[in-house]
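Reviewing the structure listed below.
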């Protein structure tokens, strides 16, 4: 894939001292040099290639959701003040505010800043954004960028406490450096000025789609479109998944979404609330995912697999991994408990991540590609990932080895 048309892409995200994560944690969407599914990655020459999909597995309480919340916290911290001032430049699909909470099982870290570092690409540039926060106040902040594939980095601004230093590209006397300590300077500049580098960075943050299906209300927020093309895509995707809906309408009198099916030439209607849980989940999630694909957005979804048959989850993954459908470099990051999908026929090793509780109740995050066997070799790409995970070989203990031994309770 050429860089033309590729936008809003995540390269790497790292964070420290956030909720269950005490130490620096790195989540990487840059593709490792692997032959497996090489045709499915997002080619970004001359820069590093990126992954279209990343799935995070692990036990309850291991840190899966907190990892997504760390990313959500950073994104919402930047976007919320812009949204509140009605200065957004991109249509927000779904975002939610997540507060910045440090690691609390340590007296020291509970009073230290939470740090975020983000590398992302948009409009021909790669950006580096750093934010450090304590008690909702900005301790430090910085934004840099360079042309994709280039070597020279331009500093946009640096902030340390109340001191803000502007890079040469935006260093003008007219730009105010006095900002509320609770507001990111990136947000402040986006609200008050028309600066190309800031506008592009702002659009990246606003483009992110964030959804949590751990919240039952998420299925009640449906974004079905009246656009004929999008309507046709939604219905076609539902049909591909075995759901025989051939139309839908919104009934203004009952304030309900009505799904339509045709049987023997006659159209029958059924209220959305009377559909099965799995069908409701798909009807709620599919439009969001199709928007991400059409516009090259990043979709961050907690518990994507909830109420979905494994074959339906595989279908969604396949949408993002198909370069003929994913022509704009859209990316999907999600948490999952669906071990049945953890197959070498579905994922590359660098697309599978594990979150688990380590020492002192602190979470750890690592990819399957990073794991080494006792002989220091990597896990084979032909391995039975699901079987080895359940055997506890990957460290993210999936309950069973602690609960059962030789068929008996311990």
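Only the coordinates and a few stated rules stand behind these numbers; no lab work does. Just so we're clear, the structure is a prediction, and the values are computed from it rather than from any experiment. A quick note on method: Cβ atoms are made from the backbone with ideal geometry, for glycine too, and the neighbour counts reach across all protein chains shown.
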Q. What residues from segment 298-312 fall in the zone where the backbone N is under 14 Å from a label point 7 Å along the Cα-to-C-beta line of residue 340?
A. 305-312
Q: Please work out the FRET efficiency for the pair residue 390 and residue 193, using the Cβ-Cβ distance as r and a Förster radius of 45 Å; give the result to the nearest 0.05.
A: 0.25
Q. Between rounded, prolate and oblate, where does the chain land on the alpha carbon gyration tensor, with a ≥ b ≥ c its root eigenvalues, rounded for a/c under 1.5, else prolate if a/b exceeds b/c?
A. oblate
(Q) Suppose R0 equals 45 Å. What FRET efficiency, 1/(1 + (r/R0)^6) with r the Cβ-Cβ distance, do residue 214 and residue 151 give to the nearest 0.05? (A) 0.60
**Q.** Contour minus Cα-Cα distance for residue 180 and residue 253 (0.36 nm per residue)
**A.** 21.6 nm
Q) Packing-wise, with mean Cβ within 10 Å as the measure, how do 139-145, 51-57, 163-169 rank, highest first? A) 51-57, 139-145, 163-169
Q | Cα pair distances exceeding 18 angstrom across segment 223-277, given as percent | A | 33 percent
Q: Could I have the simple spin-label model distance between residue 34 and residue 231, label points 7 Å from Cα toward Cβ, reported in nm to one decimal?
A: 4.1 nm
Q: Give me the Debye-computed log₁₀ of I(q)/I(0) at q = 0.14, 0.19, 0.20, 0.23 Å⁻¹ for segment 212-320, equal point scatterers on Cα only, no solvent, two decimals.
A: -0.55, -1.05, -1.17, -1.53
Q) Pulled fully out, how much extra length does the chain show between residue 381 and residue 327, if you take 0.36 nm times their separation in residues and subtract their Cα-Cα distance? A) 16.8 nm
Q: Given the options 100, 44, 11, state which has the largest fluctuation in a GNM of the chain using a 10 Å cut-off (strictly under) for Cα springs.
A: 44
